[in-house]
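> The structure under discussion is supplied below as structure tokens; questions concerning it will follow.
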Amino acid sequence: MELLTVKDLQKSYPGFALKKVSFSLEEGKIMGFIGRNGAGKTTTLSCLLNLVHPDGGKISFFGLPFTENEWEIKQQIGFVSGGVDYYPRKKLHTITQVTRRFYRDWDDEAYRRYLSLFRLSEEKTPMELSAGMKVKYSLALALSHKARLLLLDEPTSGLDPVSREELLDIFLALTREKGVTILFSTHITSDLEKCADSITYIREGEIPYSGPLKAFLANYRLLRFPEGKTPDAAPGVTGLKREKEGYSALLEAGFPVPAEAEEFPVSLDAIMVHLEANDPLEQEGSL
């Protein structure tokens, strides 16, 4: 079952536009939402939450059109960003008392359970919490009103590796054990290789790929060329990037590895860097 469907979403600003963005997310899955800064991730998420009004397109959650069912839908979704920035000097129990009034299915027993699981004290204020603990508190609030879908906007940004691993373990447990569905916007692509089932890649307001993560990785191979051996006309080679010694590039699946190149293991991070790279050979002529 598709819990989220976005069809031909459009939003224009001076100098930027979402151009018929379309993707869908299945129940109980984690989808990574990736793209460089300014590609349209935040604008898309803002449209999904009706913080920004789209110029066109359709959004549906749980099979319901969003515009006609916003209140009902928001009872079943939770939004988690990189931290709690509101009421920095208020104690958590005060923030919780305000938040719970907005949800008809608030479960105080579940809330207490998540506080214990995340080792959160309600006597603290947001300004006394670490970045990781702020994210955990946001998760506790979202899960305590029985959210079926979590929209995560850069939740692991700025966290140390141990805290990031803890959160990724929580995300996996939520999907595998609780059936929670997650849309995970991030620029830390290595996190997605550990937990995502699929990805949606946005580039300059358009979606060049949305589908299984494994299939996206299988589309490319990473090559390195020694100095003086650039792939001027090698078929299937894209995303040339200068390295300390020589160049690296991607090779699209189905094309042979050039004789002068050496193949290395590919990663989501490497694919993103090379797809967004400007050709260094073209740049040299303009320096």
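> Got a sec? Which of 240, 251 is buried (at least 19 other Cβ atoms within 10 Å of the Cβ), modelled with pLDDT under 90 and more than 30 Å from residue 9 (Cβ to Cβ)?
It is 240.
> Please state which of the following conditions residue 166 fails to meet, knowing it meets all the rest: (1) in contact with an Asp or Glu (Cβ under 9 Å, 6 or more places away or on another chain); (2) modelled with pLDDT under 90; (3) surrounded by fewer than 19 Cβ atoms within 10 Å (Cβ to Cβ).
(1)
> Being of a type in the set (Phe, Trp, Tyr) and either in a loop (DSSP other than H, G, I, E, B) or surrounded by fewer than 17 Cβ atoms within 10 Å (Cβ to Cβ) (or both) is the filter here; which residues of the stretch 46-83 pass it?
Hits for the stretch 46-83 are 62, 66, 71.
> Only one of 151, 172 is in the same structural domain as residue 46 (by TED's automatic domain parsing), touching a Cys at 6+ places or on another chain (Cβ under 8 Å) and either modelled with pLDDT of 90 or more or of a type outside the set (A, V, I, L, M) (or both). Can you tell me which?
The match here is 172.
> Checking the condition in the same structural domain as residue 116 (by TED's automatic domain parsing), at pLDDT below 90, among the polar types (S, T, N, Q) and within 24 Å of residue 98 (Cβ to Cβ), which residue from 190, 130, 157 passes?
Being in the same structural domain as residue 116 (by TED's automatic domain parsing), at pLDDT below 90, among the polar types (S, T, N, Q) and within 24 Å of residue 98 (Cβ to Cβ) holds for just one of 190, 130, 157, which is 130.
> Can I ask one more? So, of the residues in the stretch 71-104 that are at pLDDT 90 or above and charged (D, E, K, R), which turns out to be farthest from residue 138 (Cα to Cα)?
So, considering only residues that are at pLDDT 90 or above and charged (D, E, K, R), the one farthest from residue 138 (Cα to Cα) is 72.
> In addition: Return the residue satisfying two criteria in turn: it lies in the stretch 131-149 and is closer than 16 Å to residue 180 by Cβ and of a type in the set (A, V, I, L, M, F, W, C), and of such residues it is surrounded by the most Cβ atoms within 10 Å (Cβ to Cβ).
Within the stretch 131-149, the match that is surrounded by the most Cβ atoms within 10 Å (Cβ to Cβ) is 135.
> While we're looking at this one, here's another question. When you go through (1) surrounded by fewer than 21 Cβ atoms within 10 Å (Cβ to Cβ); (2) over 28 Å from residue 57 (Cα atoms); (3) not basic (Lys, Arg) one by one for residue 187, which number turns out not to apply?
The single condition residue 187 does not satisfy is (2).
> Same structure, new question: Of 128, 154, 109, which residue is in contact (Cβ under 8 Å) with a residue 24 or more places away in the chain and either over 24 Å from residue 27 (Cβ atoms) or crowded, with 18+ Cβ neighbours inside 10 Å (or both)?
On the way: 128 fails: in contact (Cβ under 8 Å) with a residue 24 or more places away in the chain; 109 fails: in contact (Cβ under 8 Å) with a residue 24 or more places away in the chain.
Criteria check complete, one pass: 154.
> Hey, can you tell me all the residues within the stretch 174-205 that are closer than 15 Å to residue 143 by Cβ and assigned to a strand (DSSP E or B)?
Answer for the stretch 174-205, where residues must be closer than 15 Å to residue 143 by Cβ and assigned to a strand (DSSP E or B): 181, 182.
> While we're looking at this one, here's another question. Taking the conditions exactly as written (in a loop (DSSP other than H, G, I, E, B) and not assigned by TED's automatic domain parsing to the domain that holds residue 35), does residue 234 satisfy them or not? First the steps, then the outcome.
Numbers: in a loop (DSSP other than H, G, I, E, B): yes; not assigned by TED's automatic domain parsing to the domain that holds residue 35: yes.
So residue 234 fits the description; yes.
> How many residues are more than 28 Å from the chain's Cα centre (by Cα) and either within 11 Å of residue 220 (Cα to Cα) or β-branched (Val, Ile, Thr) (or both) if we restrict to the stretch 237-262?
Number satisfying all stated conditions: 3.
> Looking at the stretch 242-249, can you tell me whether even one residue there is in contact (Cβ under 8 Å) with a residue 24 or more places away in the chain and either farther than 30 Å from residue 164 by Cβ or in a loop (DSSP other than H, G, I, E, B) (or both)?
yes
The values are calculated or read from the model by the stated rules, or taken from the named source; none is laboratory data. Just so you know, these numbers come straight off a predicted model, no measurement behind them. We place every Cβ from the backbone using ideal geometry, glycine too, and count neighbours over all the protein chains shown.
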